[in-house]
Amino acid sequence: MIDFAIPELDRLLIETVRKFITNEVQPLEPEVEERGELPEAKMRALRQQAQALGLFAMNMPAEVGGGGLSTVETCLVEEELGKTSDALIRRIFGQVYPMLMACRDAQIERYLLPTVRGDRICAIAITEPDAGSDAAAIRTAATFDDGAWVLNGRKHFISDGDVADYVIVMAVTDRDKRTRGGITLFLVDKGTPGFTVARRQPMMGHRGYGHAELVFEDCRVSPDCILGEPGEGFRLMMQSVSAVRLAHIGARSVGMAQRVLDLMRRHANERVQFGQPIGSFQFVQQMIADSAIEITAARLMVLNAAWTIDQGQDARDKVSIVKVFASEMLGKVADRGVQVFGGSGYSKDLPLERIYRDARVTRIYDGTSEIHRMLIARSVLRDGLRL
Amino acid sequence: MKVLVAVKRVVDYNVKIRVKADKTGVETANVKFSMNPFDEIAVEQAVRLKEAGTATEVVVVSIGPAQAQETIRTALAMGADRGIHVQTDAEVQPLAVAKLLKAIVANENPTLVIVGKQAIDDDCSQTGQMLAALLGWSQGTFASKVDLKDGTVAVTREVDGGLETVDLKLPAIVTTDLRLNEPRYASLPNIMKAKKKPIDATTAEALGVDIASRLITLKVEEPAKRQGGKKVGSIAELVDKLKNEARVI
Ligand SMILES: Cc1cc2nc3c(=O)[nH]c(=O)nc-3n(C[C@H](O)[C@H](O)[C@H](O)COP(=O)(O)OP(=O)(O)OC[C@H]3O[C@@H](n4cnc5c(N)ncnc54)[C@H](O)[C@@H]3O)c2cc1C
């Protein structure tokens with residue numbers, strides 16, 4: 001028998017996260033949206049409150065101070081987190097990449113543990129002005145010189161790149177080998193000579209945290225700044241982003257879409273035009289029905305992919321499928337949300353217009369819809385669909 | 001000092017209540033249940049007493065179907081030490097609950113029993129009072145403040161005229177009002193710990209209590225739909241309408 005029931009203790013955790021998001025976090029959204037910045041003192045207090053409740057870095061193993069949640073549990077929790085904005089989630093619950101488990105020796109004390117504790121912020125720098133979807137085409141290079149690696153190149157659109165205490169930088173160490181042993185990840189501290197934040201790049205949405213252009217000019221780092229094995233950076237990155245992608249885009253989209261649908265249905269029941277609630281009009285009903293159908297589908301897809309990861313099986317195709325479906329589902333649901341609210345949906349008095357803008361990027365970052373479709377198609381052409 | 005807290009699994013306060021088509025009760029299929037909010041306050045108070053070193057153990061009881069275990073588990077995740085589940089699928093009215101609690105009190109010997117002032121499903125507000133009567137213990141109902149001293153407890157009660165403070169001899173029953181405290185969120189480490197805390201299962205028969213209903217529900221109906229209000233032009237018109245239309249003065 002397949003058991004779709006969510007275990008009791010997970011439900012308790014979900015309930016705690018849900019209450020915390022509704023009571024403590026959502027009320028801050030308008031201020032963040034208006035100022036474009038997070039209220040620092042409040043953020044610190046809320047992060048401490050989340051930490052006291054064990055809600056920080058929940059996806060990381062318990063041995064390193066994380067919550068020790070499985071991928072399924074992480075996704076269930078991320079669904080609740082998705083009901084607020086990414087900026088707030090990052091600062092209150094932490095954005096801690098499982099890739100950091102590759103830290104060794106002194107790196108553990110210096111990067112892994114303080115990040116799980118919330119003392120240090122990490123950014124990941126892959127994308128460059130000339131290498132986006134084609135990440136293997138990055139030009140940032142590291143050459144070995146006199147006992148140090150010397151980094152040269154430029155990264156852009158790096159989330160939290162402006163505030164990060166350190167950045168995981170993907171660089172070419174062997175031009176001939178490239179993705180087959182020639183790309184390496186470096187842990188580079190803020191303030192390292194030769195590493196500068198060139199500028200913040202304002203975005204359509206996701207207000208409250210920065211996206212930055214980073215420049216490396218003869219930036220020298222010691223050999224023990226390599227994360228994982230030299231030359232294995234591409235593989236390490238691709239392996240470990242799956243679970244993050246699933247949680248941050250798949251599960252959060254499902255949560256955000258639920259919030260939109262909930263607003264929609266309330267409004268459809270209450271708003272009266274032509275003497276009846278607008279929910280009695282079939283055009284409005286269709287928007288609600290289609291949203292409910294797509295959210296349900298996306299949610300089951302997320303949980304199934306998460307379960308696959310927890311079984312230790314290769315879930316890359318499933319995660320690509322979720323990435324495309326969930327992000328596009330959120331786009332459609334957010335659009336319908338605005339429509340059902342009419343002019344109020346377009347106004348800044350409600351969170352819908354923000355959600356509409358924030359949702360747009362989920363089809364772009366972490367691999368565009370086109371790239372994931374391409375990967376899915378290749379895999380299906382080669383091996384057929386493996387469910 | 002041992003504290004006993006009773007918790008009830010009720011339809012969540014966010015759920016829009018619907019009456020069943022056959023008018024035998026309210027719809028409970030496919031609706032969200034959670035701990036009665038006043039009971040959450042009771043658990044919080046007990047856990048605070050434990051944290052303050054006043055209480056040594058917090059025992060939580062719930063009477064109800066198998067799923068009531070979940071309500072107990074919630075209380076354990078908030079910090080209670082162990083649970084007792086009196087399993088029954090029958091409707092259990094306040095007098096039956098009070099009798100069951102009395103039997104559990106006899107086994108457990110708590111110094112203080114804290115219960116919600118009422119459950120938000122039937123709004124009876126009777127269990128605490130009935131239990132006090134059955135045990136012959138003192139009671140402090142609708143508590144907005146609870147102050148434990150040596151052998152007594154001072155309970156500030158929310159009464160119609162304001163606040164009233166009563167000193168009760170222990171053992172005693174306290175029923176909680178909304179302003180007593182703000183219940184905590186269950187933390188992830190405590191949720192994990194709750195997994196290992198014991199819940200003992202028992203039944204009304206094992207406790208030797210007859211829980212047969214003494215009251216029969218004839219019919220459950222939706223309240224009358226609210227009519228739109230009317231604006232009046234003057235005080236004189238208002239008085240006239242109250243007198244002659246509404247006939248309330
Ligand atoms: C808000 C935000 C935050 C980001 N955060 C980070 C971060 O923290 N770290 C980081 O490294 N990067 C980050 N990025 C970068 C992001 O990952 C890239 O923008 C994304 O991978 C797309 O690359 P690109 O912008 O260069 O677009 P391009 O690759 O130039 O794509 C342009 C268009 O061409 C299409 N296209 C490209 N190749 C193909 C193909 N083979 N077949 C079909 N269509 C194709 C794309 O789908 C797209 O529609 C962020 C971006 C944004 C907007």
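Read-outs throughout are calculated quantities, based only on the coordinates presented, and are distinct from any laboratory measurement. Given the structure is predicted, the values throughout are model-derived calculations rather than measurements. Heads up, the Cβs are rebuilt from the backbone with ideal geometry, glycines too, and the neighbour counts pull from every protein chain shown.
Can you pull out every residue in segment A:175-231 that is outside any strand (DSSP E or B) and within 13 Å of the ligand (Cβ to nearest atom)?
A:Gln201, A:Pro202, A:Met203, A:Met204, A:Gly205, A:His206, A:Arg207, A:Gly208, A:Tyr209, A:Gly210
Among the criteria (1) touching a helix residue (DSSP H, G or I) at 6+ places or on another chain (Cβ under 9 Å); (2) away from every other protein chain (no Cβ under 14 Å), the one B:Lys193 does not fulfil is (2).
Matching residues to (1) hydrophobic (A, V, I, L, M, F, W, C); (2) more than 14 Å from chain A (Cβ to nearest Cβ):
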position	(1), (2)
B:Glu164	no, yes
B:Val174	yes, yes
B:Ile199	yes, no
B:Asp210	no, yes
B:Leu218	yes, yes
B:Ser234	no, yes
B:Glu245	no, yes
B:Val248	yes, yes
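Candidates in segment A:140-152 are the residues that are of a type outside the set (Ser, Thr, Tyr) and out of contact with any Pro (no Cβ under 9 Å at 6 or more places or on another chain); of these, the one that is farthest from the ligand (Cβ to nearest atom) is A:Asp146. Considering A:Glu37, A:Glu15, the condition of being under 25 Å from B:Ala194 (Cα atoms) and over 18 Å from the mean Cα position of the chain (by Cα) is satisfied by A:Glu15 alone.
Between A:Arg91, A:Arg47, which is surrounded by 16 or more Cβ atoms within 10 Å (Cβ to Cβ), within 16 Å of the ligand (Cβ to nearest atom) and part of a helix (DSSP H, G or I)?
The unique qualifying residue is A:Arg91.
A:Val17 falls short on exactly one of the conditions (1) hydrophobic (A, V, I, L, M, F, W, C); (2) facing another protein chain (nearest Cβ under 9 Å); (3) over 23 Å from A:Gly65 (Cα atoms), and that condition is (3). Filtering segment A:111-139 to residues that are within 11 Å of the ligand (Cβ to nearest atom), in contact (Cβ under 8 Å) with a residue 12 or more places away in the chain and loosely packed, with under 15 Cβ neighbours inside 10 Å leaves A:Pro129, A:Ser133. The set of residues in segment B:60-70 that are surrounded by fewer than 24 Cβ atoms within 10 Å (Cβ to Cβ) and either more than 14 Å from B:Thr203 (Cα to Cα) or out of contact with any Ser or Thr (no Cβ under 8 Å at 6 or more places or on another chain) (or both) comprises B:Ala66, B:Gln67, B:Glu70. Taken residue by residue, segment A:52-67 has no member that is in a helix (DSSP H, G or I), touching a Phe, Trp or Tyr at 6+ places or on another chain (Cβ under 6 Å) and surrounded by 14 or more Cβ atoms within 10 Å (Cβ to Cβ).
Within segment A:153-170, restricting attention to residues that are among the charged types (D, E, K, R) and more than 8 Å from the ligand (Cβ to nearest atom), the residue that is nearest to the other protein chains (Cβ to nearest Cβ) is A:Asp165.
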